[in-house]
Each structure stands twice: as C-alpha cells, then as structure tokens.
Amino acid sequence: MNRSHEPFLELCAGYVLEILEPDERQLLQAHLDEGCPECEALLRELAEGGALLASTAPAIPPPAAIKERMLAQVRSEQHAADPRPAPAIRAEQPAVIYRMPVWARIGMTALAAASLLLAFDAFRIRQRNAQLDQQLFFVRAQLTQMESQLQEEAKWAQVVSSTEARFALLSATPDGHPEQAAWAMFDPESQRAVVLVNEAAAPAGKDYELWAIADGAPRSLGLIHPDASGRALLHLEDLGKVDAFAVSLEPTGGSPDPRAPSGPVVLVGNVQG
C-alpha cells in the first residue's frame, strides 16, 4: 500500500466510529465506487470484529484529527441518530488482507518488540542462572577438594609433629652419588612415614626404588617419581616395623623381586631412636 492510500483507511475507521464529515463520507463513497478491495475488506472486518478488536488491541492513540472529532461528537450528543446512509460495499470485489493504518502498525510493532525484549531478557536470565549454577558446582567441588587436601595434609603433619616420630637420614653409599640424600620421618604409632628424596631423577632406562628394612629383611615401598626439580616427596602408610630405609637403582619398572633389590643400593639410613 502506498502512502496516498492511507487517508482512505483512516476514513474507513472514522466511518465506523461515525465521526466523518459529509464531504469525507462522499470522498470515501467515491473511492469505494471506483473499487477498492482493501478498504472494503477493512470496513467488513471492522463491522464484524469491532468488539473483539476493542477488547484485545493494545492502548494505541488514534490520529489526532479523529480523536478531536470523537470528543466533539460526544459533547454534542448528536451521534445517537444519524440518518445518513452507509457507504455501499461491493460484495463482488474479492477480499484482500487488510493492512492496518500506520499508527496502529507502529503500536503493534512496539508491542511485539517489547514482548521479544522481555522474552530475550528472560532467556538471558535463565542462561545466567545456568552459568551461576555451573560455577557454584565447580566452587563446591573445589572446596570439597581443598577440604580433602587439608585433611590429608593434617594427617601427614601429625607424622612430623608426633612426639613418637623417628628420624632417618639416608646417605650415599659407595655405589651412589655424593650429592644424593634423603630424609625420613617415621611414626611407629600410626605406622606412617614421610620421605623426601633429593636428586631423585634416575638415569635413562633406570628407576629409583625405595625400601623398608626390618630385622634385616627389605621390602619394596615402590618406585620414586621425582618432580620437575628432581625431588620426590613420598607419603607411606601401614609400614609396620621399620629399622632402616634404603634406595636402590633398578631397571625401569623396579626390582622383579619385591623382597630384594636387584640393583645397587645407593642410599641407606637407620631410623634413630
């Protein structure tokens, strides 16, 4: 629809509201006589669904000219009796889809835009809540992990602080390197030990293995895995009786016999006290 046709649509609305001047009614009638399916469809829809449109349409102000005429009509109380004939509607013209006047379309577009904005805001709120729930889940998981770590650290701190703890300094043997050393704190009551090994990076194709010795019999406590600095901290439990600790240099994977080193013992130290 071009802009020159919009005044006729407004005249159709004015006719239904019974506020047209005689010359405006004549202008509308002449327009209908020429054949305008769009205006005819509009008049038909307004006549049949006015009440429904009134109850469901948003509060959109009409054009200023129509509003002023409506108020004048109400004040004069002359709208009760109107002998003027209604514009003829040619039934033979095919119906077309009515496009609302600009002011009404703007109002409906604004309402639709507001609804879309509300829906988008609701979506963003739900999305944000989901992100917060996910963050809360990870925070709780981290707190649980930290609590577990604190409990674990407290358990091993008791080994070092126990009045019953025994100390062992492991020194290099003739088969070991002079710069290698290890320290062990052993608590006979809890049968736990904390062992720190320095220069624990083994040569290629080799692994260092830690041993506990009781009554002259060794038993493997596992391989030593150093960090990037070459140091290794081991936490050991359920040790039973321990008289000494030792470190041997074994082929990759350790000694095939967990009761005896297969390679040279490079560090050894007795538990004091």
Report, ordered by the first and then the second residue, all pairs with beta carbons closer than 7 Å, sequence separation of six or more or different chains, a first member in the range 220-239 that is closer than 12 Å to VAL195 by Cβ, and a second member that is modelled with pLDDT under 90.
-> HIS235/TRP156
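Within the range 145-188, which residues are part of a loop (DSSP other than H, G, I, E, B) and either surrounded by 12 or more Cβ atoms within 10 Å (Cβ to Cβ) or at pLDDT below 90 (or both)? Give the derivation first.
Our first condition is that a residue be part of a loop (DSSP other than H, G, I, E, B); within the range 145-188, this holds for 162-165, 173-180, 188.
Hits for the range 145-188 are SER162, THR163, GLU164, ALA165, THR173, ASP175, GLY176, HIS177, PRO178, GLU179, GLN180, PRO188.
Going by what's in this entry, would HIS177 be described as in contact with a helix residue (DSSP H, G or I) (Cβ under 8 Å, 6 or more places away or on another chain) and touching a residue at least 60 places away in the same chain (Cβ under 8 Å)? Steps first, answer last, please.
Details: in contact with a helix residue (DSSP H, G or I) (Cβ under 8 Å, 6 or more places away or on another chain): no; touching a residue at least 60 places away in the same chain (Cβ under 8 Å): yes.
Against the criterion (in contact with a helix residue (DSSP H, G or I) (Cβ under 8 Å, 6 or more places away or on another chain) and touching a residue at least 60 places away in the same chain (Cβ under 8 Å)), HIS177 does not qualify.
The values are calculated or read from the model by the stated rules, or taken from the named source; none is laboratory data. Everything quoted here is computed from the prediction, not taken from an experiment. Positions of Cβ are generated from backbone atoms using ideal geometry, with glycine treated the same way; all protein chains shown enter the neighbour counts.
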